[in-house]
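Structure first, commentary second.
The values are calculated or read from the model by the stated rules, or taken from the named source; none is laboratory data. Remember, predicted model here, so these are calculated numbers, not experimental data. With ideal geometry, Cβ positions are generated from the backbone for all residues, glycine too; neighbour counts draw on all protein chains shown. Just the protein is used for accessible areas: all its heavy atoms, side chains included, with ligands, DNA and RNA removed. Shrake-Rupley method; radii C 1.70, N 1.55, O 1.52, S 1.80 Å.
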Amino acid sequence: MRLFVHTAILILLSPITLAAQTSEAAPSLTSRLTTVLQREANGHSPTPEETAGFDPVDPLPTPAELTEALPLILKALQNPDTQVRLLALTALVGLQTSASISLSSSTTPASAAPISEPSTTPVSLPPTGAASYKANLARVLTPAIPAIAAHLTGESPANRLESAIVLGGFTPDPPSSLYPPLLAYLKRDDAVGLLGQMVVSDLLQLGPVSESTSDAIARFVRRSDQTASTRSDLVDAIASKPNQSQSLNKTLLTYLSSDDPSLRARLILSLPQLDLAADVLADTKAQIAQLAALDPASRQDNLQVITAARSISTCWTTTRMTSGCPVY
């Protein structure tokens, strides 16, 4: 009903009134952040609605406008109020060139760790297409990377997730200061889960995968506290990235010996997307051919695994296939 009334009011507004509204200049990022910080100093913590209003930032500020706002962004990122810090991170997500999706969306991974924030708190997950900053805005924001990365290990799960999204936006020319906090996060005792998967996605989407980055992700893939579900999420995250590492992908193939058939099937279906060295490709294709040749009735292996092997055995012809395999 409230939506209907709101819509009716808009329809009844005269063209002159609408024209006057659209001609008003939107407040600058500096003025908006100034207001937020002044209100916080007077005891007002941003509401979820106010926080959501900073994502997306439209229109995007110019580099000069963002430079002017940067001291306030840093001040907000270090504010004692958790909601002010979340608002600053949300504003930074809004500066990226593609939209994020709500955590409440049905696309949230099943293995996502519970978020101990009110359900009305806006939290974003990575969009289907990787979001990024325009190069001129990324350069302005580079000094803020340490303050942003500090939230990866903060007390607020929502702020952690937003921080990971922000850090993944410095592509395709990432500053060197991005890598130490992301790589350090993968060593944490609590790194396994949604945020760890997002950090892996960040590291892969930032650019070509260095040997040190590949080794760090490979160690994360091999962690004994990974569950079948988090391993499946890692398979999807790694296989879907244009930037890959043959040594990392070889480590991922160890999941083929898992005792969880769903994980094995998920990896088998992702094999055509992986960049594999020639000898690894040949050996793995032979292994898949053996699985595909099994009689499901013989119970020599799980039906789900055999079905997955059969679905790619004829169409998987080379590494890093861009055409559909299996073909649905």
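Figures for the structure shown
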| read-out | value |
| --- | --- |
| Verdict on Pro272 being more than 30 Å from Arg310 (Cα to Cα) and in contact with a helix residue (DSSP H, G or I) (Cβ under 7 Å, 6 or more places away or on another chain) | no |
| Condition met for Arg231 (open to solvent by 20 Å² or more (accessible area, probe 1.4 Å), under 20 Å from Tyr185 (Cα atoms) and touching a Leu at 6+ places or on another chain (Cβ under 7 Å)) | yes |
| Only one of Ser177, Ser212 that is part of a helix (DSSP H, G or I) and farther than 21 Å from Ala147 by Cα | Ser212 |
| Residue check, Pro242 at pLDDT below 95, open to solvent by 20 Å² or more (accessible area, probe 1.4 Å) and either of a type outside the set (A, V, I, L, M, F, W, C) or over 16 Å from the mean Cα position of the chain (by Cα) (or both) | yes |
| Complete set of residues in the range 47-72 that are at pLDDT 95 or above and under 12 Å from Ala88 (Cα atoms) | Ala69, Leu70, Pro71, Leu72 |
| Members of the range 215-228 found to be surrounded by fewer than 18 Cβ atoms within 10 Å (Cβ to Cβ) and assigned to a helix (DSSP H, G or I), listed by number | Asp215, Ala218, Arg219, Ala228 |
| Subset of the range 279-304 (residues that are basic (Lys, Arg) and assigned to a helix (DSSP H, G or I)) | Lys285 |
| Leading residue by the ranking (nearest to Ser31 (Cα to Cα)) among those in the range 46-86 that are in contact with an Asp or Glu (Cβ under 7 Å, 6 or more places away or on another chain) and either part of a helix (DSSP H, G or I) or open to solvent by 50 Å² or more (accessible area, probe 1.4 Å) (or both) | Val84 |
| Test result for Ala131, under 12 Å from the mean Cα position of the chain (by Cα), crowded, with 17+ Cβ neighbours inside 10 Å and modelled with pLDDT under 95 | yes |
| Verdict on Thr90 being touching a strand residue (DSSP E or B) at 6+ places or on another chain (Cβ under 9 Å), among the hydroxyl-bearing types (Ser, Thr, Tyr) and either at pLDDT 90 or above or part of a helix (DSSP H, G or I) (or both) | yes |
| Per-region count, the range 283-303, residues without any contact (Cβ under 8 Å) to a residue 12 or more places away in the chain, closer than 15 Å to Leu256 by Cβ and of a type in the set (A, V, I, L, M, F, W, C) | 1 |
| Top-ranked residue in the range 151-171 [being more than 15 Å from Thr90 (Cα to Cα) and open to solvent by 10 Å² or more (accessible area, probe 1.4 Å); ranked as modelled with the highest pLDDT] | Thr153 |
| Test: residue in the range 295-308 that is exposed (fewer than 14 other Cβ atoms within 10 Å of the Cβ) and of a type in the set (Lys, Arg) | yes |
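Matching residues to (1) in contact with a helix residue (DSSP H, G or I) (Cβ under 6 Å, 6 or more places away or on another chain); (2) in contact (Cβ under 8 Å) with a residue 12 or more places away in the chain; (3) buried (at least 20 other Cβ atoms within 10 Å of the Cβ):
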{"position": "Ser177", "(1), (2), (3)": "yes, yes, no"}
{"position": "Leu182", "(1), (2), (3)": "yes, yes, yes"}
{"position": "Gly196", "(1), (2), (3)": "no, yes, yes"}
{"position": "Pro208", "(1), (2), (3)": "no, yes, no"}
{"position": "Gln246", "(1), (2), (3)": "no, yes, no"}
